[in-house]
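The values are calculated or read from the model by the stated rules, or taken from the named source; none is laboratory data. This structure is a prediction, so every number in the text was calculated from the model and none was measured. All Cβ positions, glycine included, derive from the backbone under ideal geometry; neighbour counts span all protein chains shown.
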Amino acid sequence: MKFGPVPLAEALGGVLAHQLGADTLALPKGHVLTADDLHRLAAAGVAHVTIARLEAGDVDEDTAAATIAAALTGPATGLRRSVAATGRVNVIADGPGLVTLDVSAVHAVNAVHPMITLATVPPLQRMEAGGLVATVKIIAYAVARTDLDAACRAGAGALGLTMPVIDRVALIETQAGRDLGDKGMRSLIARLDRLGVAFAGRSCVNHDAQAIAQALESTDAPLVCILTATATSDIADTAPMAVRLAGGTVDHFGMPVDPGNLLFLGRHAGRPVIGLPGCARSPALNGADWVLERLICGMGVTPRDIAAMGVGGLLKEIPSRPRPRRIDAAASD
């Protein structure tokens, strides 16, 4: 591609690099100059214009962006692409789900040529319908066909959307001599609504392993959350004990995400069970969100997966935290 200022006589068919405006003349950036445009520009006293001119082997910006976006999404369901404009194509979620992406492939696309760019949301970002997953932007007015082909190869099938496979979730909540209200239930319902998942109801029981176990055995929901009146402090505490008492297993306790440290994960009757940390009563993001969303979307969550959540796992402070992370330096002396 050639780029630079040229006399009007040499500008026919060139791509206008900068917007031009006059009393009766307005030509936008990216406009392909016609003979009539040149006549009008001359009449307005314009002698030179800055243009981009495609050469043999070049592909225009809109075609290039659309081609790369198509390669990135491949046959993936749940994603759609916008119409190319000014060298940009957006990849959009058709429905709720989690973004799956090949990070190394994204890096490889961006390494092909500085004029070819791809920006995405983070891996496993929860999306709602209409959410922006990625944008392909061709910075120049054209790119070489060889670079375009290399970007398509590097990014083939790199983007996807994993949609929910669990359709309903139940909540077991314990009470220990005080009424905690329905904050936990309302927060869970809001989380489920974002993924289009139904709430299968709440069982309120005493803070007792036997009572929790009976409630667990009484629900047929494909995923069960347990929210206790007092925090789970050990893998042998009341709620994990209840899962084992009901014939289930507890696979992991604790996570390197704050807030959300006191989560446990188990299984009962072939379905996942999440022991929610107390911060799940707040609608604010916490570690339980990441585990809940992945399980709803059919992704296995292992202890190794939870351990890997520490990078990026320092989340925002929440007002309800009884012991904020920030400590006054004077008070610590």
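Pick from Met299, Met309: which is in contact (Cβ under 8 Å) with a residue 12 or more places away in the chain and outside any loop (DSSP other than H, G, I, E, B)?
The unique qualifying residue is Met309.
Within the stretch 271-286, the residues that satisfy the criterion of being small (Gly, Ala, Ser) and surrounded by fewer than 21 Cβ atoms within 10 Å (Cβ to Cβ) are Ser282, Ala284. Take the residues in the stretch 15-52 that are at pLDDT 90 or above and either assigned to a loop (DSSP other than H, G, I, E, B) or of a type in the set (D, E, K, R) (or both), then tell me which one is nearest to the chain's Cα centre (by Cα). Within the stretch 15-52, the match that is nearest to the chain's Cα centre (by Cα) is Leu33. Screening Val143 against (1) part of a helix (DSSP H, G or I); (2) touching a His at 6+ places or on another chain (Cβ under 7 Å) leaves a single unmet condition, (1).
Checking the stated criteria, Thr63 turns out not to satisfy the condition of being outside the structural domain of Thr117 (by TED's automatic domain parsing) and of a type in the set (Ser, Thr, Tyr).
When you check Ala221 against the structure, is it more than 26 Å from Arg304 (Cβ to Cβ), without any contact (Cβ under 8 Å) to a residue 40 or more places away in the chain and assigned by TED's automatic domain parsing to the domain that holds Leu180, yes or no? For Ala221, the condition - more than 26 Å from Arg304 (Cβ to Cβ), without any contact (Cβ under 8 Å) to a residue 40 or more places away in the chain and assigned by TED's automatic domain parsing to the domain that holds Leu180 - is not met. Of all residues in the stretch 151-206, exactly one satisfies the criterion of being among the basic types (Lys, Arg), touching a strand residue (DSSP E or B) at 6+ places or on another chain (Cβ under 6 Å) and crowded, with 17+ Cβ neighbours inside 10 Å, namely Arg202.
Scanning the stretch 251-270 for residues that are buried (at least 20 other Cβ atoms within 10 Å of the Cβ) and without any contact (Cβ under 8 Å) to a residue 24 or more places away in the chain returns a single hit, Phe253.
Return the residues of the stretch 62-84 that are hydroxyl-bearing (Ser, Thr, Tyr), part of a helix (DSSP H, G or I) and either under 19 Å from Gly131 (Cα atoms) or free of Cβ contacts under 8 Å to residues at least 24 places away in the same chain (or both); say none if nothing qualifies.
Thr63, Thr73
Report yes if Met309 is among the aliphatic types (A, V, I, L, M) and out of contact with any strand residue (DSSP E or B) (no Cβ under 9 Å at 6 or more places or on another chain), otherwise no. Yes, satisfied.
The set of residues from the stretch 31-59 being out of contact with any Phe, Trp or Tyr (no Cβ under 7 Å at 6 or more places or on another chain) and within 28 Å of Cys152 (Cβ to Cβ) comprises His31, Val32, Ile51, Arg53, Leu54, Glu55, Ala56, Gly57, Asp58, Val59. A Cβ distance below 8 Å, combined with a sequence gap of six or more or placement on separate chains, defines the contacts here; from the stretch 149-170, residues that are under 22 Å from Ile296 (Cα atoms) reach residues that are assigned to a helix (DSSP H, G or I) and among the hydroxyl-bearing types (Ser, Thr, Tyr) in the pairs Leu159/Thr73; Gly160/Thr73.
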